[in-house]
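Chemist: Have a look at this one.
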Amino acid sequence: MVSNQPRKQRKARYNAPLHVKQKYMGAPLSKELREKYGCRSARVIVGDTVKVMRGDHAGSTGKVEGISLKHGTIVIEGVSVSKADGTEVARPVYPSNVVITTLNMKDERRESIISRK
């Protein structure tokens, strides 16, 4: 039986294997992409262009440079913070806080997945 307790849900999500954590890396598509492909969301991959909708960097747009399945975050070019010594460091963002504006369709498997939806 599966628990309804939030702490157990969080623990299961945190301790999930990477092939399950992939499913948590989805983000909504922009309205234009929704109409074009007929689906509401897709998994974020490196090379997608996204727009940050929530948080301190809301409104900024950039390409996805990296993905961390372990932490459930993505790194976007142009979204960074400055450290105390002045160096710029990439600021990880949760995929639920972004909207995909351009899909990277270089992968044939991704094309088949999106056409299936």
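Taken together, the values in this text are just the output of simple stated rules run on the coordinates, not laboratory data. Just so you know, these numbers come straight off a predicted model, no measurement behind them. Cβ sites come from the backbone with ideal geometry, for glycine too, and all protein chains shown count toward neighbours.
Chemist: Anything in the stretch 78-88 that is of a type outside the set (G, A, S) and more than 15 Å from D56 (Cα to Cα)? List them, or say none. Walk me through it before giving the result.
Modeler: Of all residues in the stretch 78-88, those of a type outside the set (G, A, S) come to 79, 81, 83, 85, 87-88.
K83, D85, T87, E88, listed by residue number.
Chemist: Can you go through I114, I67 and tell me which one is within 30 Å of Q9 (Cβ to Cβ) and touching a residue at least 60 places away in the same chain (Cβ under 8 Å)?
Modeler: Details: I67 fails: touching a residue at least 60 places away in the same chain (Cβ under 8 Å).
Result: I114 is the single residue among I114, I67 that is within 30 Å of Q9 (Cβ to Cβ) and touching a residue at least 60 places away in the same chain (Cβ under 8 Å).
Chemist: Which one of these is closer than 11 Å to P95 by Cβ and aromatic (F, W, Y): Y24, Y37, Y14?
Modeler: Values: Y37 fails: closer than 11 Å to P95 by Cβ; Y14 fails: closer than 11 Å to P95 by Cβ.
Checking each option against the conditions leaves just Y24.
Chemist: Can you tell me which residues in the stretch 13-45 are of a type in the set (K, R) and closer than 14 Å to I114 by Cβ?
Modeler: R34, K36, R40, R43
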